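Encoded as structure tokens, the structure appears first; notes follow it.
The values are calculated or read from the model by the stated rules, or taken from the named source; none is laboratory data. Quick caveat, the model's predicted, so the values are computed rather than measured. When we count neighbours, we look across all protein chains shown, and the Cβ atoms used for this are built from the backbone with ideal geometry, even at glycine. These accessible areas exclude ligands, DNA and RNA; they are computed on the full protein's heavy atoms, side chains included. Shrake-Rupley method; radii C 1.70, N 1.55, O 1.52, S 1.80 Å.
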Amino acid sequence: PAEDFSWRSVDGLEVQGWLYRGRGAGTIVLIHGGPTSHAEDRFNAQIQYLVSRGFSVLTPNYRGSTGFGLEFQESIKDDGWGGREQEDIRSGIEALIRAGVAQPGRVGVTGTSYGGYSAWWAITHFEPDLVAAAVPVCGMTDLVVDYYATRPDLRPYSEEMMGGSPEEVPERYRERSPINYVENIRGRLLIVQGLRDPNVTPDNVYAVTQELDRLSIPYELLTFEDEGHGIARPRNLEILYPRLADFFKKAFSGDR
């Protein structure tokens, strides 16, 4: 079952999430996409599978999430993507550690779409004691590449969230693109992508793997030829879920 779990972010904002307690295998933060969406207390096969493997799971409703009023939802636009909503996630991990639910060096992050972007942000900005491993699924890596490669009808949403287009606010797009911080990666990384994704296209993966290879940063890559934005087909989930659990288990044990 889910437990209501709340904490204060860096600026004092109260943030809520749902905590599922496992049996000591480590902690996984599952970040919802959108960001105009929210995690609910409802059945989720991925969460239940991870808990069955012994992991505790936190699903944070960071600023920008729906369901907490319009002011909370719109507050993500104050900074744009890669702003204080990422600190909401960081402070949630710190709260888990203070509560004794999580242990330093045994926390991982994953998520799809904007959740994938947040997983990229965490592994490139947070210390390994806070985030030891990340599995971004269909996540944006270079916001400029993503802007021009995505469906044209989605570009106004990026502009709304970022305060303009890459031509209008180029520095913000550069600052908020995880690809520009991959040299900071000290934890384990597994990249997952649907190769038919029209929203966060494989161009994001091609760009970041080139940079990872250039810097000799190790990573694993799992792609699905028949998936679009997110991994949804049952036969592919039967591959993905065990791979996630095995990856995090190995990462938390310190094995390479």
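Some notes on this structure:
- Qualifying residue in the stretch 189-204 (condition: in contact with a Pro (Cβ under 8 Å, 6 or more places away or on another chain) and assigned to a loop (DSSP other than H, G, I, E, B)): yes
- Scanning the stretch 228-244 for residues that are of a type outside the set (Phe, Trp, Tyr) and touching a helix residue (DSSP H, G or I) at 6+ places or on another chain (Cβ under 6 Å) gives a single hit, Ile231.
- From the list Ile28, Ile93, Ile76, the lone residue that is under 17 Å from Met162 (Cβ atoms) and among the β-branched types (Val, Ile, Thr) is Ile76.
- For Tyr49, the stated conditions hold: it is open to solvent by 10 Å² or more (accessible area, probe 1.4 Å), in contact (Cβ under 8 Å) with a residue 40 or more places away in the chain and among the hydroxyl-bearing types (Ser, Thr, Tyr).
- One residue from Leu237, Leu244, Leu212, Leu189 being open to solvent by 30 Å² or more (accessible area, probe 1.4 Å) and touching a residue at least 24 places away in the same chain (Cβ under 8 Å): Leu237
- Checking the stated criteria, Gly164 turns out to be more than 23 Å from Ile231 (Cα to Cα) and either open to solvent by less than 10 Å² (accessible area, probe 1.4 Å) or in contact (Cβ under 8 Å) with a residue 40 or more places away in the chain (or both).
- Yes/no for Asp146 being open to solvent by less than 20 Å² (accessible area, probe 1.4 Å), over 30 Å from Ala95 (Cβ atoms), assigned to a helix (DSSP H, G or I) and of a type outside the set (A, V, I, L, M, F, W, C): yes
- From the options Glu211, Glu238, residue that is over 17 Å from the mean Cα position of the chain (by Cα), within 16 Å of Gln46 (Cβ to Cβ) and not in a strand (DSSP E or B): Glu238
- The stretch 87-112: number of residues that are open to solvent by less than 50 Å² (accessible area, probe 1.4 Å) and either touching a strand residue (DSSP E or B) at 6+ places or on another chain (Cβ under 8 Å) or part of a helix (DSSP H, G or I) (or both): 16
- Residues of the stretch 37-72 that are outside any strand (DSSP E or B) and either among the aliphatic types (A, V, I, L, M) or modelled with pLDDT under 95 (or both): Ala39, Ala45, Ile47, Leu50, Val51, Leu70.
- Residue in the stretch 132-140 that is within 22 Å of Leu195 (Cβ to Cβ) and small (Gly, Ala, Ser) present: yes
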